[in-house]
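Asker: Attaching a single structure in structure tokens format; questions to follow.
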Amino acid sequence: MNKLLALIILIALVFSCQSNNNKSNKVIPTSKKPHLVGLTLAPSKIISEQNVPLDGVSIPIYNHNGKKVEQMEMLSLMVTGKYAIEFYMDSNREIKLISLREGTKEEVKSNEKELVPNELVGSKAWSFEVKDLEAKSYSLKKLKGKVIVMNHWFVECKPCIMEMPELNRLVQKYENHEVVFIGVSRSSKKDIESFLETNIFNYSIIPDAKHVSDSFQVSNFPTNIVIDKEGEIAYYNTGLNTQTIRHIDETIQSILN
């Protein structure tokens, strides 16, 4: 299983797809909602077997009111922690539609739980020295005294792209503070520049930086890390989670205060 497929499956799990955690993988009939006619709720086994694109184009995405939405609007709803994501398939057992529904009290409560701190939190960050797309240099040593917010990503990573609008809002919020946002990418400079022609990511982007991700023990994407003013890891989280942006924000504030 490639990493992109693994990430897509991770999204389904993080987004509280309890309805898909069917041990028997029995096909569940749908309701009579117009956009779901002829489709059935896909069990977890089917989801894991298919490379499900979450771009909102290849497979349509509907919100909890049955309205078709774009990828970023889906993300905006999901980060509230109030919704669950479901996958629907046709009679050939192919995923044909993605739908959001209002989460149950248990699901919402589960989404509100604090993430378990990564074992690296509290340890010294690994030293790095890199250059961004504009040839500006960054290093752990030179950035001492500032908060470093690090996002590990690559251009083909759909979950990475999905969280970028929220990450951009963080950049805007802290533009007048001693906070540095660095996007560490394993993608080439050429691929990133092509990506930025149609996408906006306001971090200082470091191309060809697989070695940096490796040193920070990053194996899945996206991974978000916050390093405090003394060079210690204050936050470390992998995967697209409904509470990631809030936790990054709260970590930054706690360091600045």
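Bear in mind that the values in this text are calculations on the coordinates, not laboratory data. Values in this document were obtained by computation on a predicted structure and should not be read as measured data.
Asker: Could you give me the ³J(HN,Hα) list for the stretch 143-155, computed from phi with Karplus coefficients 6.51, -1.76, 1.60 and θ = phi - 60°, whole Hz, x at Gly and Pro?
Answerer: 8, 4, x, 10, 8, 10, 10, 10, 10, 9, 7, 8, 5
Asker: Could you give me the ³J(HN,Hα) list for the stretch 211-225, computed from phi with Karplus coefficients 6.51, -1.76, 1.60 and θ = phi - 60°, whole Hz, x at Gly and Pro?
Answerer: These are the phi-based 3J(HN,Hα) values: 4, 6, 4, 4, 5, 8, 6, 8, 10, 10, 10, x, 10, 10, 10 Hz.
Asker: Can you list the HN-Hα couplings for the stretch 121-129, worked out from phi with the Karplus curve (6.51, -1.76, 1.60; θ = phi - 60°), rounded to whole Hz and with x for Gly and Pro?
Answerer: Each residue of the stretch 121-129 in turn: 4, x, 8, 5, 6, 6, 5, 8, 8 Hz.
Asker: Non-local amide H neighbours of S187 (under 5 Å, H modeled in plane, Pro and chain starts lacking H): which ones?
Answerer: For S187, the qualifying residues are V155, D208, A209.
Asker: Rounded if a/c is under 1.5, else prolate if a/b beats b/c, else oblate: with a ≥ b ≥ c from the C-alpha gyration tensor eigenvalues square-rooted, which is the stretch 47-179? Before the final figure, lay out each step's value.
Answerer: Values: a/c = 2.29, a/b = 1.89, b/c = 1.21.
It comes out prolate by the Cα gyration axes.
Asker: Right, something else. How many percent of DSSP beta bridges within the stretch 106-257 run antiparallel, rounded to 5?
Answerer: Working: 14 of 24 bridges.
Given both bridge residues lie in the stretch 106-257, the antiparallel proportion sits at roughly 60 percent.
Asker: For F181, enumerate residues with amide H under 5 Å from its amide H, sequence gap 5+ or separate chain, H modeled in the peptide plane.
Answerer: Hits under the 5 Å cutoff: V149, S204.
Asker: Let me ask you something else. Search the structure for amide H atoms under 5 Å from the amide H of H64, placed 1.01 Å from N in the peptide plane, and list their residues when 5 or more places away or on another chain.
Answerer: L100
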